[in-house]
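Peer 1: Below is a structure I'd like to ask you about.
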Amino acid sequence: MKRLGLERRKMLAGYVYIAPWLVGFVLFMVYPLVYSLWISFHDVEGVGSFRLKYVGFLNYKHAFVLDPQFVPLFFSVIQDTVINTPLIIVFSLIIAILLNRNMKGRAFFRAAFFLPVLIGSGMVLQQLLYAGVGQKTLVNGIGLPQSAFLYMGPTFSQMVFDLLSRLTLIFWKTGVQILLFLAGLQGISPSLYESSKCDGATEWEMFWKITLPLISPVILLNLVYTLVDSFTDVTNRIMLYIRNVGFVKIELGYAAALGWMYFAFIFALIVIVFAASKRLIFYSGER
Amino acid sequence: MKAAPQSHRLLRFMRLGLSRLTSRSRWFGFLYRIFVYFLLIDLSFVFLYPFIYMVTTSLKTPPDLLDFTIKWIPTSMAWQNYAYGIVGLKYGEHFWNSAQTSAFSVIGQVLACSFVAYGFARIKFPGRETLFMLAMFTLLVPPQTVIIPLFIQYKAMGWMDTFAPIVVPSFFAGGLRGALFIFIFRQLFRNLPWELEDAARVDGCGSFRVYWKIIMPLTTPAVVVTVLLSLVWHWNDYFEPNIYLTSQDKYTLPMMLPRLYESLNETSATHGMETFGLPTVMAATFLVIAPLLLVYLFLQKYFIQGVERTGLVE
C-alpha cells in the first residue's frame with residue numbers, strides 16, 4: 001500500500017515538473033489557437049465593441065476566390081523555401097565537413113561561421129539590406145571586378161546581382177545548421193574511417209558510404225529546423241501579409257483564417273517530411 | 001626457380017610505383033589542404049562581411065563615402081557617427097528596455113525549460129510522450145496565427161504597453177521557441193547516468209533537490225546554448241515588441257532603427273544628400289548588435305562545445 005503511494009507520488013512529481021509548461025501551453029497556445037479558429041468562421045465588426053457574425057467558411061473561400069494576393073504570395077513563399085532549403089542543407093554540410101578536420105585556425109573559423117546568426121532576420125538585417133550589403137558580399141567574396149558588370153549588360157548583370165544576393169542570404173542562414181552538423185560529425189567514430197581506409201576506400205567513397213548514412217538523422221533534424229525556421233519567420237512575405245490584413249486592414253476574421261490555413265499547411269508538411277524520412281534515415285543501434 | 005628473379009623484378013616495380021603514387025598523393029594532399037584553407041578563408045569572408053562593412057562604413061566621412069577608391073580604410077576615423085547613432089537611437093534609454101526584456105526572458109527560459117525538461121526526461125508518468133509531442137508541436141505554430149487572440153487577451157489583462165507579454169510566457173517554458181530549449185535540456189538530461197540520482201535519493205534527497213543541486217550543475221553546456229540562442233532571438237525580436245509596446249519610451253533598440261533611418265532620410269532629403277546618412281545608420285546598427293557580439297565573444301568557446309556535448313543530434 002505504501003509502495004503504491006510512493007509510485008503514485010513519483011508520478012505526481014512528473015506532472016508537477018511539467019505543470020509550468022502545461023499552464024503556459026493552455027494560456028498562451030491552446031486558448032489563442034482555438035480562439036483564432038473560432039474567429040476565422042466569423043466576421044468581426046467593430047474592434048472596440050467586438051461583434052462577431054457567423055459566416056461559415058466564407059473567410060476561407062475568400063482567400064482562394066476573391067483575394068488576388070494570398071495565393072500568389074503563398075506559392076512564392078513555398079517556391080523560395082523549396083529552393084533555399086536544399087541549398088542551406090548542402091552548404092552547411094559542406095562547410096561542416098571542411099571545418100571538421102584538424103587544422104590551424106579551426107576555432108576561429110567555427111566562431112566566424114556562426115556570426116551571421118547574431119544579425120538574425122529582423123531590423124538589423126533590414127538595415128544592412130537597405131545598404132545593399134546582400135549584393136556586395138559575394139561580388140567582393142569571389143573577387144569579381146566591378147568592371148565585369150559593365151560588359152554584361154543591365155538585365156544580365158541585374159540577374160547575376162540578384163542571384164548573388166540570394167546566395168549570400170542563404171549562406172547567412174546556415175549558422176545553426178553548421179553547428180548541428182559539426183556535432184553530428186563529431187559523433188562518428190574515427191575507427192570507421194580508419195578501417196575503411198585500410199580496405200582501400202577513397203575519401204569520396206567514405207563520404208557516401210559512411211558519413212552520409214551516419215549523419216542522416218542530423219540531416220532530418222536540420223531539414224525540419226530549416227523548414228520551420230523559414231515558414232514561421234515573421235519577415236517572410238506571407239507572414240507580413242497576414243499581419244497586414246490583421247493589424248492594418250483590421251479584418252480580424254480573415255487574418256485568422258489565413259493564419260490557420262498557413263499553420264495547417266506547415267503541420268501537414270512536417271508530418272509528410274517525417275513520414276517520408278522513415279525509410280531514408282539510418283539509425284545505428286537500437287532506438 | 002626460374003620464376004624467382006621475375007617475381008623479384010615485379011616486386012621492385014610495384015614498390016617503385018607505390019612510392020611514386022604515395023609521393024604524388026602527398027603533393028595532392030598538400031595542394032588539397034591549401035585549397036581547403038583558401039575556400040574556408042573565402043567563405044568566412046562572406047560570413048564576416050556584414051560586420052566588416054558595418055564597422056568600416058560607420059567610420060567614414062561623407063567625402064570618404066563618395067570616394068570609391070576607398071573601400072575599407074577611411075582616410076580619417078569619423079567617430080562622430082557613433083555619437084550621432086547614440087543620440088539618434090537614444091541608446092541609453094532603449095538599451096535598458098532591450099536589456100530588461102531579453103535578460104528576463106533568458107532567465108525565465110533557462111529556469112522553466114530546464115525544470116520542465118527534467119520532468120520529461122527523468123520521471124515516468126502516463127501521457128509523457130504525448131505531452132512532449134504536443135510541446136514540440138508548438139514550434140510549428142506561426143506567431144501570426146495566434147497573435148490576434150493574444151493581443152485581445154493581453155489587452156483584457158492590462159498587459160499592453162508593458163514588458164509582460166514578452167517576458168511572462170518565458171517563465172512558463174514558452175516565449176520565443178521555448179519548446180526548442182525544452183528539447184535541448186531533455187536531450188542532455190537523458191544522457192546523464194541514473195546512478196547520480198539514485199545515490200542522492202538514498203541519502204534522502206527529494207526530487208527537486210536532485211534537480212537543482214545535482215542535475216543542474218551538470219548542464220552548463222545546455223545552459224550556455226540556451227542563454228546565447230535565447231538572448232540573440234529575444235534581442236533581435238521586432239515582431240512582438242512592435243505589437244505589444246505602444247509608447248515610444250518602452251521601445252527596444254531594434255525598434256529604434258527604422259525611426260532613425262526615417263529621421264535621417266527626412267533631414268538629408270531636404271539637403272539633397274541621401275546617402276550621407278549611411279555611416280550613421282551603420283554606426284547605429286552596429287551599436288544595436290554590439291552587446292550580442294560582446295556576449296558571443298565570451299561564450300563562443302563554450303557555446304560551440306556546448307552544442308556537441310548536449311547530445312543535441314543523437
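Peer 1: Only helices at least 15 Å long along their own axis, judged from Cα atoms, and with Kyte-Doolittle mean hydropathy of 0.0 or greater: name those in chain B from DSSP H.
Peer 2: B:3-58, B:91-122, B:143-157, B:178-190, B:220-236, B:278-309
Peer 1: While we're looking at this one, here's another question. Near A:K61, which aspartates and glutamates are there with a Cα under 17 Å away, not counting those fewer than 8 places off in the same chain?
Peer 2: Filter leaves A:D43, A:E251.
Peer 1: Ranked by Cβ crowding within 10 angstrom, fewest neighbours first, how are B:W212, B:W72, B:W235 ordered?
Peer 2: B:W72, B:W212, B:W235
Peer 1: Now, a different point. Helix-only estimate, please: 222 nm mean residue ellipticity of the protein assembly as shown, summing -39500 (n - 2.57) across DSSP H runs of length 4 or more and dividing by its residues, to the nearest 500.
Peer 2: Estimated from H runs of four or more residues: -24000 deg cm²/dmol.
Peer 1: Enumerate the amide H contacts of A:H42 below 5 Å, restricted to partners 5 or more residues apart or on another chain; note that Pro and chain-start residues carry no placed amide H.
Peer 2: Amide H to amide H, under 5 Å and 5 or more residues apart or across chains, A:H42 pairs with A:V55.
Peer 1: Right, another one. About the Cα centre, and with charges only on the beta carbon of Lys, Arg (+1) and Asp, Glu (-1), how big is the dipole of the protein assembly as shown? Nearest 20 debye, please.
Peer 2: So the magnitude is around 2400 debye.
Peer 1: Straight-line reach only, C-alpha to C-alpha below 23 angstrom: list the lysines that A:K136 could link to, leaving out same-chain residues fewer than 8 apart.
Peer 2: Result set, ordered by chain and number: A:K173, B:K60, B:K71.
Peer 1: Same structure, new question: Which whole-number percent gives the relative contact order of the range A:41-280, counting Cα pairs below 8 Å spaced six or more residues apart?
Peer 2: Numbers: 170 pairs, mean separation 67.7, N = 240.
With pairs under 8 Å counted, the relative contact order is 28 percent.
Peer 1: Just to confirm my numbers, what's the Cα centroid distance between the range A:216-251 and the range B:187-203 in Å?
Peer 2: Spelled out, the Cα-based centre of one part sits 39 Å from the other.
Peer 1: Say each of A:V26 and A:A268 gets a label point 7 Å from the Cα, pointing the same way as Cα to Cβ; how far apart are those two points in nm?
Peer 2: 3.2 nm
Peer 1: Which residues in the range A:80-120 have a backbone N closer than 16 Å to a point placed 7 Å from the Cα of A:T155 along the Cα-to-Cβ line?
Peer 2: Residues passing the 16 Å test: none.
Peer 1: Can I ask one more? Set the Förster distance to 30 Å, then compute FRET efficiency between B:T246 and B:T267 from the Cβ-Cβ distance, nearest 0.05.
Peer 2: 0.70
Peer 1: What's the longest uninterrupted piece of chain B once you rule out the trypsin sites (Lys or Arg not before Pro) that are loop residues per DSSP with at most 13 other Cβ within 10 Å?
Peer 2: Here the longest run is B:125-314.
Peer 1: How much length, in nm to one decimal, is gained on full extension between B:F298 and B:K213, taken as 0.36 nm per residue of separation minus their Cα-Cα distance?
Peer 2: Length gained, B:F298 through B:K213: 28.0 nm.
Peer 1: Okay, moving on. For A:K104, which aspartates and glutamates qualify as cross-link partners when the Cα separation must be under 19 Å and same-chain residues fewer than eight apart are set aside?
Peer 2: Filter leaves B:D42.
Peer 1: Quick one: if you stick a label point 7 Å off each Cα along the C-beta vector at B:F30 and B:T75, how many nm between them?
Peer 2: 4.6 nm
Taken together, the values in this text are just the output of simple stated rules run on the coordinates, not laboratory data. It should be emphasised that the depicted structure is a prediction, and the values quoted were computed from it without experimental measurement. Using ideal geometry, Cβ is built from the backbone for each residue, glycine included, and neighbour counts are taken over all protein chains shown.
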